[in-house]
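Beneath this line is the structure, given in structure tokens, with notes to follow.
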Amino acid sequence: MKARFAVKTVFCFAVGALLILSAAAPASARRKAARKPTSNKAEIEAAARLQIFLDRANFSPGKIDEHYGDFTWKALALYRESRGEQPQASPQDKTKSGVAPDISGLDLASVDPVFISYTVTEADLQSVGSLPSDVSAQAKLKYLPYRSAAEAIAEKFHSDVHFLEQLNPGKTNALKSGDPILVPNVEPFEVGSVKEIKPASEIAAQPANEIEEEPEAQTKNADENKEIKKDEATPAPVAVKIDTKTNMLAVFDGDKIIAAYPVTIGSAHTESPIGEWKVRRITKMPTFRYDKEMLQHGQRSSNFHLLPPGPRNPVGVMWIALNKKGIGIHGTNEPDSIGRSASHGCIRLANWDVVRLATKIKSGDSVSIH
């Protein structure tokens with residue numbers, strides 16, 4: 001991208017300096033500039049192909065944005081580790097974050113085509129609506145929707161909304177049912193199907209972050225999970241490990257990494273609880289108790305709002321409660337914030353990633369935050 005801007009800068013300077021010359025030189029420069037997007041298109045496709053490959057393998061690079069960013073490097077390193085390979089170290093110089101990693105040995109040809117045509121449906125538009133910014137106004141709604149069809153489609157295909165606009169210039173501002181649009185070739189995240197997902201345990205009667213701790217029930221569930229039939233082999237324990245330095249969550253089946261997702265963790269003021277925890281319950285399309293005093297200072301107050309479910313609920317479409325009250329692994333209403341801001345102590349994932357995580361774990365599974 002920097003090279004492209006440099007070419008354009010040189011070209012503009014040359015035109016300004018040589019206006020007194022014939023039109024031949026500017027025409028030649030224009031032909032040169034016209035050839036540049038072809039190279040750029042290939043670079044975009046190569047980066048997106050790697051991101052899509054990792055996403056399909058359940059080693060999520062975060063939002064697909066055609067950049068070789070930190071999470072693409074980290075996801076690739078964990079993917080190689082899962083195959084017993086030596087990971088390539090990511091660039092220490094952040095100005096070189098756009099450098100392409102080593103892709104030798106990866107079956108990137110399996111991602112073909114990189115982008116596919118998708119037709120917007122009425123179901124896509126059902127999750128779009130007016131969303132006030134004021135929390136008290138949001139609490140009066142029955143559902144917290146996407147603000148635009150572009151936002152809904154971007155999340156459906158695990159994408160950065162600006163990248164979606166780049167793929168579809170001039171089309172994303174007024175999408176309607178029946179419109180064709182180019183999207184990354186990933187397994188779509190269906191917000192309308194979240195309630196049909198079958199995690200091992202769930203509860204929806206209370207706000208997700210207000211469910212009381214039940215140590216006795218937790219012990220009982222853990223004991224039940226250990227019970228097996230005599231003719232069945234003992235399954236390898238599934239464990240979640242969250243690295244607060246790399247902002248990556250890894251899922252282990254025994255000693256093998258089977259999935260990894262970028263996360264946002266707590267700030268220095270509201271730290272994520274370091275230690276060993278257990279999954280308690282999984283709540284689909286949760287209600288959230290918004291208490292500003294609790295979020296900022298950890299003190300419960302009487303001034304709160306109950307926010308309804310929806311993709312733009314602060315905890316997204318899924319809440320995975322840990323055996324520590326108020327702390328969970330959850331989705332988000334701002335996918336752009338993953339890894340780039342701080343949470344209020346919880347572990348936050350993109351909605352498409354938290355749903356995939358929820359299908360791999362159950363009540364009683366261990367969660368290590370380190």
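The values are calculated or read from the model by the stated rules, or taken from the named source; none is laboratory data. Source: prediction; values computed, not measured. Reconstructed Cβ throughout: ideal geometry from the backbone, glycine too, with neighbour counts over all protein chains shown. When the accessible area is computed, the model is the full protein with side chains, heavy atoms only, and any ligands, DNA or RNA have been set aside. Shrake-Rupley method; radii C 1.70, N 1.55, O 1.52, S 1.80 Å.
With the condition kept exactly as written, say whether any residue in region 124-139 is in a loop (DSSP other than H, G, I, E, B) and closer than 19 Å to F189 by Cα. Scanning region 124-139 turns up at least one residue that is in a loop (DSSP other than H, G, I, E, B) and closer than 19 Å to F189 by Cα.
Annotation: of all residues in region 157-174 being surrounded by fewer than 20 Cβ atoms within 10 Å (Cβ to Cβ) and part of a loop (DSSP other than H, G, I, E, B), the one that is nearest to the chain's Cα centre (by Cα) is D160. Restricting V161, V186 to residues that are closer than 13 Å to F115 by Cα and not charged (D, E, K, R) narrows the list to V186. Can you tell which of D124, D65 is under 20 Å from the mean Cα position of the chain (by Cα) and open to solvent by 20 Å² or more (accessible area, probe 1.4 Å)? D65 is the lone residue from the list that is under 20 Å from the mean Cα position of the chain (by Cα) and open to solvent by 20 Å² or more (accessible area, probe 1.4 Å). Only residues that are under 22 Å from the mean Cα position of the chain (by Cα), assigned to a helix (DSSP H, G or I) and at pLDDT below 80: list them for region 82-99, please. Listed by number, the list holds a single entry, K94.
Only a single item in (1) outside any helix (DSSP H, G or I); (2) modelled with pLDDT of 70 or more is not met by E202, and it is number (2). Residues that are at pLDDT below 50, under 24 Å from the mean Cα position of the chain (by Cα) and more than 30 Å from V354 (Cβ to Cβ) do occur in region 1-20. Within region 325-339, being more than 19 Å from E190 (Cβ to Cβ) and either open to solvent by 10 Å² or more (accessible area, probe 1.4 Å) or in a loop (DSSP other than H, G, I, E, B) (or both) holds for K325, G326, I327, E334, D336, S337, I338, G339.
Going by what's in this entry, would T359 be described as hydroxyl-bearing (S, T, Y) and in contact with a Leu (Cβ under 8 Å, 6 or more places away or on another chain)? Break it down into steps so the answer makes sense when it comes.
On the way: hydroxyl-bearing (S, T, Y): yes; in contact with a Leu (Cβ under 8 Å, 6 or more places away or on another chain): no.
For T359, the condition - hydroxyl-bearing (S, T, Y) and in contact with a Leu (Cβ under 8 Å, 6 or more places away or on another chain) - is not met.
Just for region 268-324: of the residues that are open to solvent by less than 30 Å² (accessible area, probe 1.4 Å) and β-branched (V, I, T), which one is modelled with the lowest pLDDT? Across region 268-324, the extreme among qualifying residues is T270. Evaluating Y79 against the criteria (1) open to solvent by 80 Å² or more (accessible area, probe 1.4 Å); (2) at pLDDT 95 or above leaves one unmet condition, (1).
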